[in-house]
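A short write-up of the structure that comes next.
Read-outs: derived from the displayed coordinates by stated rules, not from any lab. Computed from a predicted structure; not experimentally measured. With ideal geometry, Cβ positions are generated from the backbone for all residues, glycine too; neighbour counts draw on all protein chains shown.
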Amino acid sequence: MNWLGDHDQEWLPGLNEGANHRVLITTADRRVAVDENGAPLFVSLNSPLISDQEPYLAGTLNRLTYYGVRAPEMAELSYEPLRPVLIQLNSEDFIPVNAVMQVLDFFEEHRFCGRCGNQMSASKSDRGRYCEPCGFTQYPRISPCVIVLITRGDEILLARAPRFVDGMYSTLAGFVEAGESAEHACHREIGEEVGVRIKSPVYQGSQSWPFKHSLMLGYRAEWLSGDIVIDGIEIVDAQWFNINHLPKLPPHASISRGMIDAYIKERLS
């Protein structure tokens, strides 16, 4: 699997089992403190920079336990937006940064009970947030999202969303709705976004992605029938591209690029 993730890593989510500890500093708008090279800045638990903050445990990787804090920007530190920081990492740094951001979002967004409105606290038995008055426990939200590479011989169908950087095209993606399977979501999303029909999608792998708490489920599917028809809102352009003449693609960190690269390698071998 040639995208960032925990494929071959001993990642222990929510567990403090490391010989040493590292803390990632972020802001409320999800900017990340970075060092002079633009890499995530990790500090110790006893660093004076975070003495007024409560660190939240993310997990342990390779005998290092990772925490995160949310704090106002400090003049002595440099910050970068999360996305450009993530895409230049290797898996060993991507995993804890990804997990820290999702854990911090969960704690920030579940300070109060969604059932009765009272303040929630950390559960003593698991990684949830617990409401003492009504007994409700909430767990970190994970949003499954299908992402589909549509193929037709030496062509692949790629599309542009309004938020993409200039000139970039990617595979099609959409969230799984309540009550449907991931495979059903593949067929539905493709029909809604580009108007074509696909053969049975084949699972390729998954990637956790902190925008905001997605679990990307990668599929490949052959084109079955239909011409491209877009709505002009979620998708502003979609085209068939020959694998020898491709547009600007997503970064190598992403499962989208990983699936594209794997298909090109197969066709050219």
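List every residue whose amide H lies under 5 Å from the amide H of GLU222, counting only residues 5 or more places away in sequence or on a different chain, with H placed 1.01 Å from N in the peptide plane.
Result for GLU222 returns THR151, LYS199.
Which label marks the calculated value of Cα extents along the principal axes in Å, given the options (1) 56, 39, 34; (2) 64, 40, 34; (3) 58, 47, 33?
(3)
Could I have the simple spin-label model distance between SER143 and ALA178, label points 7 Å from Cα toward Cβ, reported in nm to one decimal?
1.5
At 222 nm, what value in deg cm²/dmol follows for the chain if DSSP H runs of at least 4 each add -39500 (n - 2.57) and the sum is divided by all its residues, to the nearest 500?
So the calculated ellipticity at 222 nm is -6000 deg cm²/dmol.
Determine the shape class of region 29-78: with a ≥ b ≥ c the square roots of the Cα gyration tensor eigenvalues, call it rounded for a/c under 1.5, and otherwise prolate if a/b is greater than b/c, oblate otherwise.
Judged from the Cα gyration tensor, region 29-78 comes out oblate (a/c at least 1.5, b/c at or above a/b).
What distance in nm separates the simple spin-label points at ARG31 and ALA161, each placed 7 Å from Cα in the Cβ direction?
In this crude spin-label approximation the distance works out to 2.4 nm.
Please give the net charge around ALA185, taking every other residue with its beta carbon less than 11 angstrom from that of ALA185, where Lys and Arg add +1 and Asp and Glu add -1.
-4
Most mobile of ASP35, ASP154, ASP227 per a Gaussian network model of the chain (Cα springs, under 10 Å)?
Fluctuation is largest for ASP227.
Using the Karplus equation 6.51 cos²θ - 1.76 cosθ + 1.60 (θ = phi - 60°), what ³J(HN,Hα) coupling, rounded to whole Hz, does each residue of region 30-35 give in order, writing x for Gly and Pro?
So the Karplus estimates, Gly and Pro as x, are 6, 8, 10, 5, 10, 8 Hz.
Let me have the relative contact order for region 166-245, percent, based on Cα pairs under 8 Å that are six or more residues apart.
Contact order relative to length: 25 percent.
May I ask you to evaluate 6.51 cos²θ - 1.76 cosθ + 1.60, the Karplus curve with θ = phi - 60°, for each residue of region 204-213 and list the ³J(HN,Hα) values in order in whole Hz, giving x for glycine and proline?
10, x, 9, 8, 6, 9, x, 10, 9, 8
Any idea how far the Cα center of region 52-115 sits from the one of region 202-269, in Å?
Their Cα centres are 28 Å away from one another.
To the nearest 0.05, how large is the calculated FRET efficiency for LYS199 and GLN9 if R₀ is 41 Å and r is the Cβ-Cβ distance?
Calculated value: 0.75.
Please work out the FRET efficiency for the pair ALA71 and GLU192, using the Cβ-Cβ distance as r and a Förster radius of 51 Å; give the result to the nearest 0.05.
Computed FRET efficiency for ALA71 and GLU192: 0.80.
Output wanted: per-residue J couplings in Hz (rounded whole) for region 115-127, from phi through Karplus 6.51 cos²θ - 1.76 cosθ + 1.60, θ = phi - 60°, x for Gly and Pro.
8, 10, x, 6, 5, 9, 9, 5, 5, 7, 10, 7, 9
Note down the net charge around PHE107, summing +1 for each Lys or Arg and -1 for each Asp or Glu among other residues with Cβ under 10 Å from its Cβ.
With Lys, Arg at +1 and Asp, Glu at -1, the neighbours total -1.
Sort the following peptides by mean Cβ neighbour count (other Cβ atoms within 10 Å, averaged over residues), highest first: 201-208, 45-52.
In descending order of packing, they fall as 201-208, 45-52.
Report the Cys residues of the chain lacking a disulfide-compatible partner, meaning no second Cys Cβ under 4.7 Å from their Cβ.
Cys with no partner Cβ under 4.7 Å: CYS145, CYS186.
Compute the signed sum of charges (Lys and Arg +1, Asp and Glu -1) over the other residues within less than 15 Å, Cβ to Cβ, of ILE235.
So the environment of ILE235 carries a net charge of -4.
Treat every Asp and Glu Cβ in the chain as -1 and every Lys and Arg Cβ as +1, leave all other atoms uncharged, and give the resulting dipole magnitude about the Cα centre to the nearest 20 debye.
Charge dipole of the chain: 300 debye, to the nearest 20.
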